[in-house]
Structures are given as C-alpha cells and as structure tokens.
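Everything below concerns the one structure shown next.
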Amino acid sequence: MRDYKWRKGLGVIALCGLGGAILGSGMQILMNRSEPTAIKAAFNQFAPNLYWIALVCGIIGMVGYFYFNNLLKKDGYSNDEGSLFDKNENKMSIVMTFSTVCAILNFTAFGVNLQKDLASVYFVLFIMNAMLAFMGEVANISLIKKVRPELDSDPMNSGFKKDYFDKLDECEKIETGKASFKTMSGMIVMYVIVFVVCWFLIMGLEVSPVICLPVGFLWLIQTVMMIYHSYKLK
C-alpha cells in the first residue's frame with residue numbers, strides 16, 4: 001500500500017512538472033507572439049454579447065417555467081412516485097439554473113461594459129435581465145411549492161434559503177451537504193486555475209495585476225465563512 005502511494009505521489013509530481021512546463025512554454029509563446037491590442041479589441045467587441053446571452057438564458061428560465069407549470073397542472077401537481085414531477089424534477093432544476101446563470105452573466109456584462117459608449121443602452125438591458133432572472137427564480141420556486149406544499153418558504157424573505165433548507169427531509173439535507181462539500185473542494189482547484197489564467201493575462205497581455213485581488217479576496221472570504229459557520233453549528 002505504501003509503495004502504491006509513493007508511486008501515485010511521484011506520478012502527481014511528474015504531471016505537475018509537465019503541466020508547469022507546458023504553461024511556461026505557452027506563456028513564453030504568448031509574450032513573444034501575441035498582439036495584446038488586437039486581443040483586447042476582440043474582447044471589447046465580444047463583451048456586449050454577454051447581455052444577449054444572459055437574455056437568452058433568462059427567457060429559457062421563464063419559458064421552462066410555463067412549460068412545466070402546464071405539464072404538472074395536467075397531473076394535478078402530484079408528487080407521487082412516477083408522477084410527472086418525479087420524472088421531470090431534474091429538468092426543472094436545470095431550467096431554474098438558467099435563471100441563475102442569467103443573473104451571473106448579467107452582472108458580469110454590466111461590469112465589463114460599464115465604460116463603453118452605449119452604457120445607457122446596456123443599462124436598460126441590465127435592468128431587463130435582472131428582472132427576468134428574478135422572476136424566473138421566484139416562479140420556478142413557486143412551482144415547486146405547488147407540488148410540495150411543505151416547502152412553503154417565501155422566496156421574497158431574506159431568510160428564505162435557511163428556512164427552505166430546514167424544511168427539506170433528512171435525505172435531501174444530506175444530499176445538499178454532499179453537493180456543498182464537493183463544490184467547496186472543486187472551487188479550491190478553480191481558484192488556482194483562475195490565478196494561473198490571471199498570470200497569463202498579466203504577463204502576456206499587460207493586464208493590471210489588480211485582477212488577482214478579487215480572486216484572492218473571494219477565496220479568503222469563502223474560507224473564513226466556512227470556518228465561521230462550522231464553529232457556529234457546533
């Protein structure tokens with residue numbers, strides 16, 4: 001068993017070394033051959049499209065709500081095993097995710113387009129998408145409440161998430177806990193990857209090192225919040 005762990009550890013070290021060599025070579029090529037001005041121009045041209053992508057996601061969230069509402073209505077909003085809700089619950093979750101993605105892309109688009117010439121036009125899109133994302137999430141949550149009346153938490157309430165979680169059954173709470181743990185573990189890896197991308201942008205495209213600050217702060221805040229809530233629950 002120890003020999004296996006040593007071999008596994010050496011394999012990881014070898015892969016990390018290979019990855020570092022590839023990243024270093026790529027950074028050198030980027031610094032020598034890229035045209036920062038052209039790349040920045042391409043990004044600036046693409047940036048407004050984030051609003052439209054967010055709009056499409058928001059529309060999918062709302063259309064999905066109306067579709068599943070009509071579908072479940074035919075079944076009397078039943079929650080029995082084999083019911084339409086039972087068969088489509090995962091699809092409904094995906095639809096609501098589109099509303100959340102709409103909000104994320106919308107705020108991202110607002111940030112990267114804040115200083116553009118058509119900022120006032122984009123602001124109208126921002127408000128439209130924000131309302132669409134909000135209505136989509138509230139509508140989909142309300143639809144679940146029709147099927148599961150015990151989950152009667154008010155999405156307009158500031159304590160909605162805690163109240164909603166407390167009303168889940170024990171199996172769902174365990175599943176949520178496992179999903180949260182996997183998300184936290186995955187985010188640590190993602191922070192490292194994002195830092196590497198930031199270093200590429202700083203070294204290759206002459207982007208300000210300030211872009212590393214939000215990533216570091218988010219990582220720090222996430223860690224502190226995790227420790228705080230773990231102590232609070234003891």
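Is region 158-224 rounded, prolate or oblate when judged by the Cα gyration tensor, a ≥ b ≥ c being the square roots of its eigenvalues, rounded requiring a/c under 1.5 and prolate requiring a/b larger than b/c? Judged from the Cα gyration tensor, region 158-224 comes out prolate (a/c at least 1.5, a/b above b/c). Round to a whole number: what % of the accessible area of region 180-234 belongs to carbon and sulfur, probe 1.4 Å? The nonpolar share, carbon plus sulfur, comes to 82 percent. FRET efficiency for the pair ASP169 and MET203, taken as 1/(1 + (r/R0)^6) with r the Cβ-Cβ distance and R0 = 41 Å, rounds to 0.20.
Scattering from region 110-195 was approximated by placing one identical point on each alpha carbon and applying the Debye formula without solvent; log10 I(q)/I(0) at 0.19 1/Å stands at -0.98. Here the gap between VAL210 and TYR67, fully extended at 0.36 nm per residue and compared with their Cα-Cα distance, gives a gain of 47.0 nm.
Kirkwood radius, region 81-147, all distinct C-alpha pairs, inverse of mean reciprocal distance: 13.4 Å. In the distance distribution for region 51-96, Cα-Cα pairs more than 14 Å apart total 52 percent.
Treating r as the C-beta distance of VAL112 and VAL189 and R0 as 30 Å, the FRET efficiency rounds to 0.75. For region 51-132, chymotrypsin sites (Phe, Trp or Tyr not before Pro) are listed when DSSP marks them as loop and at most 11 other Cβ atoms sit within 10 Å of their Cβ; the list is empty.
As a fraction of the 1.4 Å probe accessible area of region 48-155, surface on carbon and sulfur atoms comes out at 65 percent.
The values are calculated or read from the model by the stated rules, or taken from the named source; none is laboratory data. Computed from a prediction, not measured in an experiment: that's the story for all the values here. Every residue, glycine among them, receives a Cβ derived from its backbone with ideal geometry; neighbour counts consider all protein chains shown. For accessibility, only protein heavy atoms count, side chains too; no ligands or nucleic acids. Shrake-Rupley method; radii C 1.70, N 1.55, O 1.52, S 1.80 Å.
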